[in-house]
Every structure is written in structure tokens, then in C-alpha cells.
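Next up is a structure, given as C-alpha cells.
The values are calculated or read from the model by the stated rules, or taken from the named source; none is laboratory data. Quantities reported herein were computed from a predicted structural model and do not represent experimental measurements. Here the Cβ positions follow ideal geometry from the backbone for every residue, glycine too, while neighbour counts run over all protein chains shown. To get the accessible areas, we keep the full protein, side chains included, count just its heavy atoms, and leave off ligands, DNA and RNA. Shrake-Rupley method; radii C 1.70, N 1.55, O 1.52, S 1.80 Å.
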Amino acid sequence: MIKFHPSPEQLSQFAEGTLYAVESIMVSAHCDMCERCQKRVAAETERLAEDVLETQKIEHHYEFDTMLAGITQLPAAESIRALPVERTQAIELDGRTFPLPRTLQRLADKTGNWSSLVGRLWQAPVDLGNQGVANFIYMEKGGSVPEHTHRGTEFTLVINGEFSDGLNAYDSGDFIFMDGEKTHAPRSDAPEGCLVFSIVDQPLHFTSGLARLINPFSHLFFR
């Protein structure tokens, strides 16, 4: 069951089309998986339409149709039109197939090859240009990332499976935001492991001395 969602402010800004591109990708992908947030974005989109109608006088039906079409073309509307969610495209790893949320399906052709890392981790980089550093990360059962904090921000969406990080336990569909105020150590003990999609904007800061010495994870998030 999904327990962690974007904030009401993020959902409102998503509906307005005012979120930063990175946040918009993550919120949209979460909405693909979360009926509750889909409904909230739909309600916010309707409210925006009503506000415009109340504050502007429409002289002709043509003008009305044009304006309403403009409102429904906001990025949020794309997520609403995705109902019901279609999971037609997937990524493959070590013989396993993982269906992707509709939003992330568009990134499939921007995804690099999987590489195996120490700690029972797999990573596939995603090219977002200058919008942020993104990766699909798979933790096998018992896989973990050393304890770290963030100099910037990290957005993570759980696509399949479960993991915990010393702060909370997460399941498929959960939307996770981390910043410099939090320290965590992601680990999956689920039999099926855990696949996540993550975007960070600053290097990680590892709190373990051993992690700093061997630091095999510098390329896990930064290329």
C-alpha cells in the first residue's frame, strides 16, 4: 500500500504546471501509480479551470474552447488522461521484467546499460540532460547503500518491491523526498528485492569512513 505521497503543495503546483522539471517527472510517475493523487490532481485541475472562468469574461464560444483547451494541456492533464494506468513498456534485468509507470516509459530509450555494483546493487543511468542525475537502481535481497546524507535533494519513486532506510519502510508507488536534514541507509530485505527510480541534484555525502575509502557508489548517482 502506498504510504508516502507528494505534498498538497507539490500536487497543486504540478496541476498548475509550475513545478521544476525534475519534480514534475517524479510527481507524474507517482500519480501514474497512485489513484489518490490522480484524483487530487484532477480536482485541482478542475478548480483552476473554474477560477479562470470566474475571473475572465468569455465573449465567444470559440474563445472559451481555446482557453479551456489551454488549461487542460497543462502537464498535470497528461497524468489524468493516463487513467487507467497502462503498463505496456518495461525494463529488463537479469532475466526479470519490470513494468514502468507511463511517465517513465518515455525515458526507456534514454536509459543506459545495467552495471553490477558491490553491495548487491544494480544501476542503469538515465539521460535527463541538465535536469538532474537520474538512475534506475535495483537492490537485490540484502542489497544496501552505505549510510549517507544529501548536500542537495533526492527524489525517489519505488517502482517494484520494498526497502527500508532506518527512517521508514517503503513499498511500490511510494514517493520519497530527501535533503540535507536527513541521513539514511537504504536496504532491501524483500525476497524480490526492490527497483527504484531516483534523481539527485548534488553529490551524496557518505557518513561511513569505509564508504569514503572504497566509495564504489560515486558513479551510482553521478556520471
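In this structure, does Glu46 turn out to be closer than 23 Å to Gln10 by Cα, open to solvent by 100 Å² or more (accessible area, probe 1.4 Å) and at pLDDT 75 or above? So that I can check it myself, show each step before the final result.
Numbers: closer than 23 Å to Gln10 by Cα: yes; open to solvent by 100 Å² or more (accessible area, probe 1.4 Å): yes; at pLDDT 75 or above: yes.
So Glu46 fits the description; yes.
Considering only residues of the range 109-129 that are touching a Gly at 6+ places or on another chain (Cβ under 7 Å) and not charged (D, E, K, R), which is nearest to Tyr170 (Cα to Cα)?
Leu121
Looking at Asp189, Asp165 in this structure, which one is farther than 22 Å from Pro101 by Cα, of a type in the set (Asp, Glu) and modelled with pLDDT of 95 or more? Even if it seems obvious, please write down each step before you answer.
Details: Asp165 fails: modelled with pLDDT of 95 or more.
Among Asp189, Asp165, only Asp189 is farther than 22 Å from Pro101 by Cα, of a type in the set (Asp, Glu) and modelled with pLDDT of 95 or more.
Also: Considering only the range 136-152, how many residues are touching a Lys or Arg at 6+ places or on another chain (Cβ under 9 Å), at pLDDT 90 or above and open to solvent by less than 30 Å² (accessible area, probe 1.4 Å)?
4
Which one of these is hydroxyl-bearing (Ser, Thr, Tyr), in contact with an Asp or Glu (Cβ under 7 Å, 6 or more places away or on another chain) and crowded, with 18+ Cβ neighbours inside 10 Å: Thr156, Thr103?
One residue alone meets the criteria, Thr103.
Looking only at residues in the range 15-39 that are at pLDDT 95 or above and farther than 16 Å from Ser198 by Cβ, which one is surrounded by the fewest Cβ atoms within 10 Å (Cβ to Cβ)?
Only one residue fits best here, namely Arg36.
Output the residues belonging to the range 165-178 that are more than 17 Å from Met1 (Cα to Cα), open to solvent by 40 Å² or more (accessible area, probe 1.4 Å) and part of a loop (DSSP other than H, G, I, E, B).
Scanning the range 165-178 gives Gly166, Leu167.
Could you identify the single residue in Leu195, Leu210, Leu128, Leu204 that is modelled with pLDDT under 95, buried (at least 22 other Cβ atoms within 10 Å of the Cβ) and not acidic (Asp, Glu)?
Going through Leu195, Leu210, Leu128, Leu204 in turn, the sole match is Leu204.
Are any residues in the range 85-100 closer than 24 Å to Cys34 by Cα, open to solvent by 70 Å² or more (accessible area, probe 1.4 Å) and either in contact (Cβ under 8 Å) with a residue 24 or more places away in the chain or assigned to a loop (DSSP other than H, G, I, E, B) (or both), and if so, which ones?
Glu86, Arg87, Thr88, Gln89
Still on this structure, I have one more. Please enumerate the residues belonging to the range 103-115 that are farther than 16 Å from Val158 by Cβ and assigned to a helix (DSSP H, G or I).
Gln105, Ala108, Asp109, Lys110, listed by residue number.
Continuing with the same structure: If you scan the range 130-177, which residues turn out to be touching a Gly at 6+ places or on another chain (Cβ under 7 Å), closer than 14 Å to Leu195 by Cα and hydroxyl-bearing (Ser, Thr, Tyr)?
Result: Tyr138, Ser144, Ser172.
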